[in-house]
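*Asks:* Below you'll find the structure I mean.
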Amino acid sequence: MTDYPDLQLYIGGAWKRTSASQPVVNPASEAVIGQVPVATRLDMDDALDAAQGGFKVWMRFSPRKRAEILLRAAALMRERVDEIARAITLEHGKPFPQARLEVIRGCEFFEWDAAEGQRIYGRVIPSEPGIKYIVHHQPIGMVAAFSPWNFPLSQPARKIAGALAAGCSIIMKASEETPAGAMHIARALHDAGLPPGVMNLIFGVPSEISEYLIPQPPVRLVAFTGSTSVGKRLTRLAADYMKPVLMELGGHAPVIVCDDVDPAAAAAASAARKARNAGQVCTSPTRFFVQDGIYAAFVDAFVDRARSVIVGDGFESATEMGPLANDRRITAMEALISDAAQRGARVLTGGRRLDRPGYFFPVTVLADVPDPARVMREEPFGPLAVINPVSSIDEAIQKANGLPFGLAAYAFTHSAARADQLAEGIEAGNVSINTLEASVAETPFGGMKESGYGREGGTEGLLNYTVVKNISHSMTIQR
C-alpha cells in the first residue's frame, strides 16, 4: 500500500514541513510508513497568532455561514472516505470497513454540530417594565485541543466540529502515532473555504506542546481526550491560569447481565464489541458481572465467539480485529493477564501475543477474577474481558460502581423495573441497556468521577465552547 499521505502541519491556512520529524509505524507490519513533523516553539507561536486572527474573523460569521463551510467539509470527507480510511488502516491497523465507519462517524459530528450551531439560543428573562435581562451564549475564544491515537479521525473531528460550530478557533494537537486522520480533516476544511487561522493542526512532543500552549493568554479553553493521569495534569496546569477544561478521560466499563436475557445472544454481542478497535476504546465493555443462573452459559458463549474472531491485517477481507496500536499495549496486556492468573483467575482463551510480525493479540477472556487483581482496577485498553458471577442486581451495581471511573456502562435485561434500577443506580455518564453503543452525534458524551467532566456531542457539547453573558438593559438611566 502506498496510500499514506505526506504529513504536514497546517498553520494559518498554509501547509508546512519541519526539519524535525518522527516515524509513523504500521502496527500490522511494524514498518515505517511516514514521517510526522514535530512542531517547534516558533510553529506554536505562529499557530497562536493565526488562531487569534482566525477567531476575530470566524466569530463574526453568521451561524448559517459557519454551517455551510462545515457541511461542505463533511461532504468532501464523505467523497474521500476510501482514501481516508486506507490511511487510517495503515497507521492504526483497524479493519478497513471499521476505518470507513469511523470516517462516516466523524462526518456525522460535523453535520450535527453544523446544524445545532444555528440553534445556540439565548433568552430574555422577564423583569419589571423598562428593563430587560438578556442572556447570550458567545464563543469562548481560542481552544487548545488534544486528541488520542485510538480513533485518528473521529476523536479530533468531535472537538474541531464543536469548536468551529460554536464560533471558536482551534489549535488541534493530534496524535503523532496516527496523524493522517486529523490531517485529512484540515485538508477538507481548507478545501471547503475555512478562513485562514480558524483551524490549526500541529504535532509534536505532547508534554512540551501542552505545557507551552495552555498558559498562553489567548487560549481560553482546554479540550482533552486521553488517560485520567494526563487529564489530571492538564487540569492542574489549566487551573493555574483559571482556564476551563473539557476532559474526556479513561473508563473501565462494567456490563451487568441479568438472568432474564438469552445468555448466548448477550455474550455474542458483547464479545463482538469487545473486539471492536481491538478493545482500544475508552467505552469498551470490560468488566462483566453476570447473574449466577446464567453465568456458565454466558461464559461458554462468550469464549466461543471470542475464539472465532479473525485477527489479521486490516486490509484482508476476512479480518474482524486488527493489531494493537503499539508494543506498549502488548506489554500492558501481558502484565495484567499474568497478574490475574497468579491470583487464581482462569484464562479461558487468548492470553499471549500471536507469533507473527505485527502487534497482534487475540481476544482474551478471564473468568473468576479476584478483586485484588490489577485488571479489576486498571483499564486494559485492549481485547481483554473479565467475567465474574454475581448473586443479585444490587451486588452487580455495587461492583460496577466500585471504581473511581464512570464513563460508560452497559446492562442486559428485559425487565422494565430492572432497567430503571440499573439506569438510576449505575454511576456513569453513559448507560446503555440492551445495546453496546455508548454515544452518537446527537447525544451528550462524557464521564463522572475520575472519567472527566464536561460533555462532547449533543446540545450540551456545543455549550462547552461558549460563555454565558448576561446583559441588563434599562430604558432610562438608573440611580
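*Asks:* On a straight-distance basis, which lysines could pair with K16 in a cross-link, Cα separation under 20 angstrom, same-chain partners fewer than 8 positions away excluded?
*Replies:* Partners within reach: K173.
*Asks:* Another one. Can you tell me the orientation of helix 96-116 relative to the chain, as the angle in degrees between its alpha-carbon axis and the longest Cα principal axis, to the nearest 10?
*Replies:* Roughly 40 degrees between the two axes.
*Asks:* Where Rh is the Kirkwood radius over the Cα pairs of segment 298-415, the temperature 4 °C and the viscosity 1.567 mPa s, what D in µm²/s does Stokes-Einstein return?
*Replies:* Estimated diffusion coefficient is 83 µm²/s.
*Asks:* Ordered by packing density, taken as the mean number of other Cβ atoms within 10 Å over each peptide's residues, highest first, how do 408-416, 256-264, 162-170 rank?
*Replies:* Ranked by mean Cβ neighbours within 10 Å, highest first: 162-170, 408-416, 256-264.
*Asks:* Taking Cα atoms, how many degrees apart are the long axis of helix 416-425 and the longest axis of the chain, rounded to 10 and kept between 0 and 90?
*Replies:* Roughly 60 degrees between the two axes.
*Asks:* Could I ask something else about it? Between T435 and L71, what is the label-point separation in nm under the 7 Å Cα-to-beta-carbon projection?
*Replies:* Each label point lies 7 Å from its Cα, and together they span 2.5 nm.
*Asks:* Using alpha carbons only, how many degrees (0 to 90, rounded to 10) separate the axis of helix 327-342 from the longest principal axis of the chain?
*Replies:* Here the helix axis deviates by roughly 40 degrees.
*Asks:* Ok, one more. If you line up the Cα atoms of segment 330-479 on their principal axes, what length do they span on each, largest first, in Å?
*Replies:* 79, 44, 26
*Asks:* Still on this model: Within segment 254-433, what percent of beta bridges assigned by DSSP are antiparallel, to the nearest 5?
*Replies:* Bridges in segment 254-433 are about 10 percent antiparallel.
*Asks:* Grab the eigenvalues of the alpha-carbon gyration tensor for the chain, scale each by 5, take roots, and send me the semi-axes largest first in whole angstrom.
*Replies:* 39, 29, 19
*Asks:* List the GluC sites (Glu not before Pro) within segment 333-395 that DSSP assigns to loop and that have no more than 12 neighbouring Cβ atoms inside 10 Å.
*Replies:* In loop regions of segment 333-395 (DSSP not H, G, I, E or B), there are no sparsely surrounded GluC sites (Glu not before Pro).
*Asks:* Just to be sure I understand: of the beta bridges DSSP finds with both ends in the chain, what percent are antiparallel, rounded to 5?
*Replies:* Around 45 percent antiparallel, to the nearest 5.
*Asks:* In the structure displayed, which of K56/K159; K94/K232; K65/K159; K56/K469; K132/K469 lie more than 21 Å apart, Cα to Cα?
*Replies:* The pairs that break the limit, which is 21 Å between Cα atoms, are K94/K232.
*Asks:* To continue, here is another question. Given Cβ point charges of +1 (Lys, Arg) and -1 (Asp, Glu) and nothing else, what value in debye, to the nearest 20, does the dipole of the chain about its Cα centre take?
*Replies:* In debye, rounded to 20, the chain gives about 1380.
Every read-out reported here was derived from the displayed coordinates using simple, explicitly stated rules and does not represent laboratory data. Nothing here was measured: the structure is a model prediction, and the numbers come from that model. Note that we place each Cβ from the backbone using ideal geometry, even for glycine, and neighbour counts take in every protein chain shown.
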